[in-house]
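Participant: One structure coming up, written as structure tokens, with questions to follow.
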């Protein structure tokens, strides 16, 4: 990876981490997968605002998801989970973490 690419990626990561709401999303999704509904309820924010935060975390590579299809109800659910490749960052997010 070129130096400029590395710096751009690092910049995206730090921008994604600059929001208290996005940090809360990462912490909520560290130990178990969460749906957007669960995240909205835990954070007390609107769906459009949550989607905006999730998009930034996905683009920074800090959040991942899996799809689950409910054929009977004809819906698709996304289950989000934190995706941290840095042990240091994972430790910072876990440190002194109060239980939800």
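Participant: When you look at residue 63, is it closer than 17 Å to residue 20 by Cβ, at pLDDT below 95 and in contact with a strand residue (DSSP E or B) (Cβ under 7 Å, 6 or more places away or on another chain), yes or no?
Facilitator: Numbers: closer than 17 Å to residue 20 by Cβ: yes; at pLDDT below 95: yes; in contact with a strand residue (DSSP E or B) (Cβ under 7 Å, 6 or more places away or on another chain): yes.
So residue 63 passes the test.
Participant: Can you pull out every residue in segment 56-74 that is under 16 Å from the mean Cα position of the chain (by Cα) and loosely packed, with under 12 Cβ neighbours inside 10 Å?
Facilitator: The answer is 66, 67.
Participant: Residues being exposed (fewer than 11 other Cβ atoms within 10 Å of the Cβ) and under 16 Å from residue 60 (Cα atoms): count how many of those fall in segment 11-49.
Facilitator: 3
Participant: How many residues are under 22 Å from residue 18 (Cβ atoms) and in contact with a strand residue (DSSP E or B) (Cβ under 9 Å, 6 or more places away or on another chain) when one looks only at segment 30-52?
Facilitator: Total satisfying the criteria: 5.
Participant: Can you report the number of residues in segment 72-82 which are within 14 Å of residue 32 (Cβ to Cβ) and outside any strand (DSSP E or B)?
Facilitator: Going through segment 72-82 one residue at a time, the tally reaches 0.
The values are calculated or read from the model by the stated rules, or taken from the named source; none is laboratory data. For clarity, every value in this text was computed on a predicted model and none was experimentally measured. Heads up, the Cβs are rebuilt from the backbone with ideal geometry, glycines too, and the neighbour counts pull from every protein chain shown.
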